[in-house]
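These notes concern the structure reproduced below.
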Amino acid sequence: ARIDASDIGQWRVDGSRWAALTILAAAAFVCLPRMFQVMVVENDDERHLQIASWAFPLYLMLMSLFVVPIAVTGLDLLPPGSNPDLFVLSLPLSEGQNGLAMLSFLGGFSSATSMVIVATLALSTMVSNHIVMPIFLAVRQGGASQSGDVRNVVILARRLSILLIIGLGYSYYRASGGSGALAAIGLISFGGVAQFLPALLGGIFWRGATRAGALSGLATGFALWMFTMLLPSFGEGVALSAGIFAEGVLGLGWLRPQALFGIEGLDPTVHAVVWSLSLNALVFGLVSIFTFPDPVERLQGAQFVNVLDHSRPTRSWTASVAGSEELMIMAQRILGAREAQVFFRHWAQRQGGAGTLPEPTPDFVQALERELAGAVGAATAHAMVAQIVGGASVSVQDLLAVADESAQMLEYSSQLEAKSRELVETAAQLRAANEKLTQLSLQKDNFLSQISHELRTPMTSIRSFSEILRDTDRLSAEDKTRYASIIHTEALRLTRLLDDLLDLSVLENGQVTLNLARCTLGDVLDHAVTTAQTGATRPLTIERDPAEENLGFLTDPDRLAQVFINLVTNAQKYCVSAAPRLRISTARHDGWIDVIFLDNGAGIAPQDRALVFEKFTRLMRTGDAGDGAGLGLSICREIMTRLGGHIDLVEGGDGTAFRVRLPAGQAEAPKARVGDMQRVG
């Protein structure tokens, strides 16, 4: 009835605080040293954990049933402001039940003492095993192989650690004023030990976790825990000044201990837990991702993450085999003579031997290391055994897992290198394509400018002279004839230019139709030479060997003759020599017919050789060279591409040499031609 009448059921529950306390309790259950001491160090049988997994939560639930009646009665009967931690003593005393109060005191004293003892022993064991012993072995000459009783060092380290831990606890009690509730002090402790949770879970379930990531996360988490939870517990003006509480570190409002990063309105416990654990886990994950584990970390990761896969005995590998005597000496110094002899005799009988020294098999070495770990810690035991054995005992499955991981990483690295090469090649291709597009854009602009100029020049002449003929009545018949001749010449020039442009456009777009026919090279050259020299204004001696030209093949004779005519015409226009001469030679090899046009002119400058086949290129202006538009060689190149051959500029000594290469196909020699050198000119 008292519980029903109490207003405790009307109290507002802060959901965020309840969630934070639940997280802290779960983290404390996993990470507190005293829990590790009870569940692992003092646990002789792994099967006990199966019972504890349901018995311990049931025990906690049953104990919680007494909390509500005591709390309701204490709030109802005791004066306001009474310490809730002392309700179990204050209630019997207020009702005159001194005997019950004594029993409660003895029970509380017993539980508090046992908690202090277990927690202090667990912490002292950790200090001696993981701090003192590694330092002792590092500074001691000879390490574990040196004779001497290590037990004395372990015992002394643990005794001093116990005194130091209890002294630090009492110092905190005095520094914090001694008025804080036990639950509040416990929450601060829970918040500190919870910083081990991200690294602990990451090391068990994530093979990518690294030592650097764990240390970075722990450093971040503990720094935030101290700033937001531990130091504020001393009160204002003790560890942190009132100015820091109000204005933040260095006057920065987002660095206030209970309003970190500008987040206000949260319960102090919730605030500290959220920031410390979240940033701890974040830094742990990021640093682990960007750092690479060393071989020892990778082996440990394989053993921890795949621990369920290794539940059955597996074959092990050891770098070398140690003598049983050396291991016995080391075990006696750590465990004591009697305990070491019992352990060794048990293993000797297990192996089927009659003596007291077992064979130093990998299984025995691992068991000995686990036994020593209970006295000096896993790290120290591993270091001492490894120093004698000469290597670490590693599961073959772990080695295979690490080897497989290394192979996968090498393959992934190779794939990354291949992708990098592909990206480099793609980037180079993109740069080349961009440069090509830039060149094409410039060529387009130049083409438009050139074609505009080439079209405007004859049209301007035609318009000017036609206006003279139209507007001038006093022209003589001779002037009229001369002006009409100029108009006719410019019209022909304009027609040739338009024909060349149309021809080039058709060839470049692949719209040309080839009229293939079987012909002889000599006949095509005869037609080309005759056509080119008809109406020529400059003399040109052409040297040919009809015997070389006695080749029959399949081609378009008109298009091929167009190429030859252009080359002969260029020689007539551009060959700068007192006696211009052009030699046409023919050769056949490797399925090709090469026709070389070599003049005795000044040749083409090396810097201009790459431009001769570009549109509107006129490198020399000699004789009547200005009549051309610079499209002839571009048309020749397109024609030869369509005929399955090509044309290029080759080394010709002092003159200019063009090579026309034709596919021979089924070339044949029809009828004999005159074999003497033929001169035309």
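The values are calculated or read from the model by the stated rules, or taken from the named source; none is laboratory data. What you see is a predicted model; the values in this text were computed from it and never measured. Reconstructed Cβ throughout: ideal geometry from the backbone, glycine too, with neighbour counts over all protein chains shown.
ASP624 meets all of the listed conditions (1) among the charged types (D, E, K, R); (2) at pLDDT below 75; (3) surrounded by 14 or more Cβ atoms within 10 Å (Cβ to Cβ) but one, namely (3). PHE109 meets the conditions (1) among the aromatic types (Phe, Trp, Tyr); (2) modelled with pLDDT of 85 or more; (3) surrounded by 11 or more Cβ atoms within 10 Å (Cβ to Cβ) in every case but one. The failed one is (3).
Here GLY253, GLY217 are screened, and the one residue that is part of a helix (DSSP H, G or I) and either under 24 Å from the mean Cα position of the chain (by Cα) or within 18 Å of PRO268 (Cα to Cα) (or both) is GLY217. Suppose we keep only residues that are surrounded by fewer than 21 Cβ atoms within 10 Å (Cβ to Cβ) and more than 19 Å from LEU611 (Cβ to Cβ) within segment 646-664. Which one would you say is modelled with the highest pLDDT? Taking the candidates together, the pick is ARG661. ALA144: surrounded by 15 or more Cβ atoms within 10 Å (Cβ to Cβ), of a type in the set (Gly, Ala, Ser), modelled with pLDDT under 80 and over 27 Å from ALA28 (Cβ atoms), yes or no? The answer is yes for ALA144.
Scanning segment 257-281 for residues that are surrounded by 16 or more Cβ atoms within 10 Å (Cβ to Cβ), of a type outside the set (A, V, I, L, M, F, W, C) and over 20 Å from ALA184 (Cβ atoms) yields a single hit, ASN280.
For segment 472-587, which fully contained strands (runs of 3 or more DSSP E) count at least 1 residues that are more than 19 Å from GLY655 (Cβ to Cβ)?
On the way: elements: 517-520, 541-544, 552-555.
Here the list reads 517-520, 552-555.
Considering only residues that are within 38 Å of the chain's Cα centre (by Cα) and either at pLDDT below 85 or farther than 15 Å from GLN195 by Cβ (or both), which ones fall in segment 265-283? Give the derivation first.
As a first pass, look at segment 265-283 and keep what is within 38 Å of the chain's Cα centre (by Cα): 270-283.
Answer for segment 265-283, where residues must be within 38 Å of the chain's Cα centre (by Cα) and either at pLDDT below 85 or farther than 15 Å from GLN195 by Cβ (or both): VAL270, HIS271.
When segment 56-92 is filtered for residues that are under 20 Å from LEU103 (Cα atoms) and small (Gly, Ala, Ser), the ones remaining, listed by number, are SER64, ALA71, GLY74, SER90. Here segment 513-547 is the region considered, the condition is being over 26 Å from LYS573 (Cβ atoms) and without any contact (Cβ under 8 Å) to a residue 40 or more places away in the chain, and the residue that is surrounded by the most Cβ atoms within 10 Å (Cβ to Cβ) is CYS519.
Within segment 328-348, can you find the residues that are among the β-branched types (Val, Ile, Thr) and buried (at least 18 other Cβ atoms within 10 Å of the Cβ)? Please lay out each step first, then the result.
In the first step, residues of segment 328-348 are kept if they are among the β-branched types (Val, Ile, Thr); the result is 329, 334, 342.
Answer for segment 328-348, where residues must be among the β-branched types (Val, Ile, Thr) and buried (at least 18 other Cβ atoms within 10 Å of the Cβ): just ILE334.
When residues in segment 76-126 are screened for being within 30 Å of LEU164 (Cα to Cα) and assigned to a loop (DSSP other than H, G, I, E, B), 1 of them pass.
Kindly indicate whether any position in segment 199-210 is assigned to a helix (DSSP H, G or I), under 30 Å from the mean Cα position of the chain (by Cα), at pLDDT 85 or above and over 17 Å from PHE290 (Cα atoms). Give the derivation first.
Pass one, segment 199-210, residues assigned to a helix (DSSP H, G or I): 199-205.
Checking which are under 30 Å from the mean Cα position of the chain (by Cα) leaves us with 199-205.
Cutting the leftovers down to at pLDDT 85 or above gives us 199-202.
In the following step, the residues that additionally are over 17 Å from PHE290 (Cα atoms) were identified as 200-201.
Yes, some residue in segment 199-210 is assigned to a helix (DSSP H, G or I), under 30 Å from the mean Cα position of the chain (by Cα), at pLDDT 85 or above and over 17 Å from PHE290 (Cα atoms).
Specify which of the listed residues (LEU255, LEU250, LEU286) is within 20 Å of PHE196 (Cα to Cα) and at pLDDT 75 or above. Please lay out each step first, then the result.
On the way: LEU255 fails: within 20 Å of PHE196 (Cα to Cα); LEU250 fails: within 20 Å of PHE196 (Cα to Cα).
Just one listed residue meets the conditions, LEU286.
Within segment 580-604, the set of residues being among the small types (Gly, Ala, Ser) and without any contact (Cβ under 8 Å) to a residue 40 or more places away in the chain comprises just one member, ALA587.
With respect to the conditions (1) at pLDDT 80 or above; (2) assigned by TED's automatic domain parsing to the domain that holds ILE334, GLU359 falls short on a single one, namely (1).
When ASP594 is evaluated against the numbered criteria (1) among the charged types (D, E, K, R); (2) crowded, with 16+ Cβ neighbours inside 10 Å; (3) at pLDDT below 80, which criterion, by number, is the only one it fails? The number of the failed condition is (3).
Out of THR513, THR530, THR555, which single residue is under 60 Å from the mean Cα position of the chain (by Cα), polar (S, T, N, Q) and modelled with pLDDT of 85 or more?
The unique qualifying residue is THR555.
Would you call THR569 in contact with a Cys (Cβ under 8 Å, 6 or more places away or on another chain), at pLDDT 85 or above and either among the polar types (S, T, N, Q) or buried (at least 18 other Cβ atoms within 10 Å of the Cβ) (or both)? Before the answer, list the steps.
Details: in contact with a Cys (Cβ under 8 Å, 6 or more places away or on another chain): no; at pLDDT 85 or above: yes; either among the polar types (S, T, N, Q) or buried (at least 18 other Cβ atoms within 10 Å of the Cβ) (or both): yes.
When the stated conditions are applied, THR569 does not pass them.
Look at ASP594 and say whether it is under 23 Å from GLU638 (Cα atoms) and outside any strand (DSSP E or B). So ASP594 fails the test.
Answer yes or no as to whether LEU335 is within 28 Å of THR125 (Cα to Cα) and at pLDDT 75 or above. Talk me through it step by step, then tell me what you get.
Numbers: within 28 Å of THR125 (Cα to Cα): yes; at pLDDT 75 or above: no.
Taking the combined requirement at face value, the residue does not satisfy it.
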